[in-house]
1. Can you go through E66, E83 and tell me which one is assigned to a helix (DSSP H, G or I) and either in contact with a Lys or Arg (Cβ under 6 Å, 6 or more places away or on another chain) or at pLDDT 90 or above (or both)?
2. Is there any pair linking a residue in the stretch 53-73 that is within 18 Å of D41 (Cα to Cα) and of a type outside the set (A, V, I, L, M, F, W, C) to one that is buried (at least 16 other Cβ atoms within 10 Å of the Cβ) and modelled with pLDDT of 90 or more, with Cβ under 7 Å and at least six apart or on different chains, and which?
3. Scan the stretch 6-26 and tell me whether some residue there is part of a loop (DSSP other than H, G, I, E, B), surrounded by 11 or more Cβ atoms within 10 Å (Cβ to Cβ) and modelled with pLDDT of 90 or more.
Amino acid sequence: MRILPILLLSALMAAPAVAGDTPKGGKGHGEHRQKVLDKFDTNKDGKLDDGERAAARAAGQAKLGERFAKLDTNGDGSLSRDEFMNRSHHDGKGKAK
């Protein structure tokens, strides 16, 4: 069944976006955005241009690939339910080790 890997990958893709965030407007939301801006605003103009946003997205995709590889314990390129649910790969806070 191909739908389970697609759903699992979607959940993994969303994780980086929310891992350090609290709900919109909540405490920490602005702090996370500031960290992203500080890291990827290479020309220090206080904004992310197209190239800087692309670099931020690429970094997020790389991190996603690392998380996926850690969860895909048999290396078959897809996540079984057991692999996805295996919490030994997490730090107890929902973040990959």
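1. Every option except E66 fails the conditions.
2. Qualifying pairs under 7 Å: none.
3. no
The values are calculated or read from the model by the stated rules, or taken from the named source; none is laboratory data. Owing to the predicted nature of the structure, the values given are computational and were not obtained by experimental measurement. Quick reminder, even Gly has a Cβ in these numbers, built from the backbone with ideal geometry, and neighbours come from all protein chains shown.
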